[in-house]
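Colleague: Before we start, here is the structure in question, set down as structure tokens.
Taken together, the values in this text are just the output of simple stated rules run on the coordinates, not laboratory data. Nothing here was measured: the structure is a model prediction, and the numbers come from that model. Here Cβ is always computed from backbone atoms with ideal geometry, including for glycine, and neighbour counts include all displayed protein chains.
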């Protein structure tokens, strides 16, 4: 998964890019429908893969599939799924990558699928949004930049989004994985 600062231009090939290049609304709707169809297929493939994994691990869980924005979102919900999350979400990250590889093998397209287990990512998103907002406000008020601890691409994306909602500050990522971090600076 690539991590991009909040002020990155829209990627080429998105419906909004087609509109700005003069494509008709019918073409945009058709492409959007195709993209949603591919994302739904990714979700179905991921669900099949994860159901097999749950069976092998002898774990009970229900799988929910959704399309959020421009990516498939798959959630496993149920009791006692902490083993699949692991310390600081490390096992969850690994399972997400394996699931993406399974989807890629079937579709031939690199997947940006997001996996959540037991609501871990949803809770983490809420925590990181609050952290990003608080950090941005402190930087804005103090005028001093803040270098945050290294984060996963998912975590950085959430923090970038939270910082972008606060006026007077910007954020950027620096460094290489796994030590890639966010720096929040006053404008």
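Colleague: Can you tell me how region 71-187 classifies by the Cα gyration tensor, rounded, prolate or oblate, using a/c under 1.5 as the rounded cut?
Modeller: Prolate, since a/c reaches 1.5 and a/b exceeds b/c.
Colleague: Given the peptides 89-96, 112-119, arrange them by the average over their residues of other C-beta atoms within 10 Å, most packed first.
Modeller: For the peptides 89-96, 112-119, the packing ranking is 112-119, 89-96.
Colleague: Here is a further query. Between residue 104 and residue 68, with labels modelled 7 Å along Cα→Cβ, what's the label distance in nm to one decimal, could you check?
Modeller: Taking the two extended label points, one gets 2.2 nm.
Colleague: Then there's this: Treat the count of other C-beta atoms within 10 Å as a stand-in for reagent exposure and order 159, 183 from fewest to most.
Modeller: If I rank by nearby Cβ atoms, fewest first, I get 183, 159.
Colleague: Turning to a different aspect of this structure: Order the peptides 40-50, 72-82, 133-143, 55-65 from the highest to the lowest mean number of other Cβ atoms within 10 Å of their residues.
Modeller: Top of the packing list down: 40-50, 72-82, 133-143, 55-65.
Colleague: Also: Simple spin-label model, 7 Å along Cα-to-Cβ: residue 165 to residue 44 in nm?
Modeller: About 3.5 nm separates the two model spin labels.
Colleague: If you take the square roots of the eigenvalues of the alpha-carbon gyration tensor of region 123-186 and sort them as a ≥ b ≥ c, do you get rounded (a/c under 1.5), prolate (a/b over b/c) or oblate?
Modeller: oblate
Colleague: Taking 7 Å along the Cα-to-C-beta vector as the label spot, tell me the residue 177-residue 138 distance in nanometres, rounded to one decimal.
Modeller: So the two model labels end up 2.8 nm from each other.
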